[in-house]
Amino acid sequence: MHVGPYTITYFGVRGRCGAMRIMMADQGQEWKEILMDFADWTKGDLKASCVFGQLPKFEDGGLVLYQSNAILRHLGRNHDAYGKDGKEAARIDMMCDGVEDLRLKYGKMIYQEYDTGKDQYIKDLPNHLDKFEAVMAKNKTGFLVGDKPSFADYSLFEVLLNHLVLCSSCLDTSPSLKSFVEKMSARPKIKAFLGSDAYKKLPINGNGKQ
Ligand code: GTS
């Protein structure tokens with residue numbers, strides 16, 4: 001198995017690096033962080049060097065990647081967290097894209113509609129979470145696909161943690177998701193990471209809303 005060295009360059013938030021950090025922690029993979037100050041970002045030349053003009057930037061030796069979900073997939077391949085065959089991999093991709101849809105809705109509410117749209121967002125949430133609940137309940141292993149965590153599970157887990165901060169009761173009608181979050185949170189390396197200063201010091205989002 002190929003392992004790093006990995007470096008993340010990102011702003012001082014959990015944001016789009018939350019899932020990959022949890023995944024690397026759980027996989028026992030060390031990584032280096034370069035935290036960018038937003039003011040330095042806007043005046044420096046790093047932005048111009050990024051393929052899409054955005055962070056996170058992820059370095060694995062000489063390989064430089066952008067796009068958080070591409071980074072998660074790369075970690076999935078490197079750490080045997082991308083299913084046991086092509087069919088499982090395809091379903092893991094599908095679930096990761098489903099999580100991305102939820103992540104985008106959450107980001108829109110947090111960054112554009114927090115004051116006016118938060119209540120409605122929380123009201124609509126069961127319609128979105130039900131889909132993940134159904135897949136999780138059907139698979140019966142405690143993971144979305146297969147019998148061990150894939151990068152899609154880490155992404156879902158991280159999005160659910162953020163939603164529990166938004167609305168602590170949001171999983172009360174989703175027993176499989178609730179048990180998933182409890183079990184993922186109790187995995188020793190994840191538990192240690194979530195309890196670390198490195199994790200706790202970073203806000204979830206860049207605008208202080210959560
Ligand atoms: N699709 C990209 C991904 O998943 O990595 C989105 C990356 C993105 O939106 N990056 C933002 C950025 O670089 C920061 S954050 O939204 O992830 O917090 N913004 C600064 C800029 O100049 O665009």
Item to check | Scope the stretch 41-55; condition assigned to a helix (DSSP H, G or I) and away from the ligand (no atom under 12 Å from the Cβ); matching residues | outcome: 49
Next on the checklist: Based on this model, can you work out whether residue 58 counts as out of contact with any Asp or Glu (no Cβ under 6 Å at 6 or more places or on another chain), at pLDDT 95 or above, in a loop (DSSP other than H, G, I, E, B) and within 11 Å of the ligand (Cβ to nearest atom)?
Outcome noted: no
Next on the checklist: Quick test of your reading of the structure: residue 89 fulfils all but one of (1) within 19 Å of residue 13 (Cβ to Cβ); (2) out of contact with any Asp or Glu (no Cβ under 9 Å at 6 or more places or on another chain); (3) not β-branched (Val, Ile, Thr). Name the failing condition by number.
Outcome noted: (1)
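Identify all residues within the stretch 143-161 that are open to solvent by 10 Å² or more (accessible area, probe 1.4 Å) and either in a helix (DSSP H, G or I) or without any contact (Cβ under 8 Å) to a residue 40 or more places away in the chain (or both); write none if there are none.
First, the residues of the stretch 143-161 that are open to solvent by 10 Å² or more (accessible area, probe 1.4 Å): 143, 146-149, 161.
143, 147, 161, listed by residue number.
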Checklist entry - Among the residues of the stretch 1-50, how many are over 25 Å from residue 207 (Cβ atoms), among the aliphatic types (A, V, I, L, M) and surrounded by fewer than 18 Cβ atoms within 10 Å (Cβ to Cβ)? => result 2
Next on the checklist: Can you tell me which residue is farthest from the ligand (Cβ to nearest atom) among those in the stretch 61-76 that are within 20 Å of residue 21 (Cβ to Cβ) and surrounded by fewer than 14 Cβ atoms within 10 Å (Cβ to Cβ)?
Outcome noted: 61
Checklist entry - Considering the stretch 167-210 alone, what residues qualify as being within 16 Å of residue 142 (Cβ to Cβ) and touching a Pro at 6+ places or on another chain (Cβ under 9 Å)? => result 174, 184, 187
Checklist outcome for this item: In the stretch 1-36, anything outside any strand (DSSP E or B), within 12 Å of the ligand (Cβ to nearest atom) and of a type outside the set (Val, Ile, Thr) is listed as 12, 14, 15, 16, 17, 18, 19, 20
Checklist entry - Are there any pairs, at least 6 apart or on different chains, whose C-beta atoms fall under 8 Å, with the first in the stretch 178-198 and outside any helix (DSSP H, G or I) and the second surrounded by 14 or more Cβ atoms within 10 Å (Cβ to Cβ), and if so, which? => result 187/26
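The values are calculated or read from the model by the stated rules, or taken from the named source; none is laboratory data. The model shown is predicted, which means the values in this text are computed figures rather than measured ones. Here Cβ is always computed from backbone atoms with ideal geometry, including for glycine, and neighbour counts include all displayed protein chains. For accessibility, only protein heavy atoms count, side chains too; no ligands or nucleic acids. Shrake-Rupley method; radii C 1.70, N 1.55, O 1.52, S 1.80 Å.
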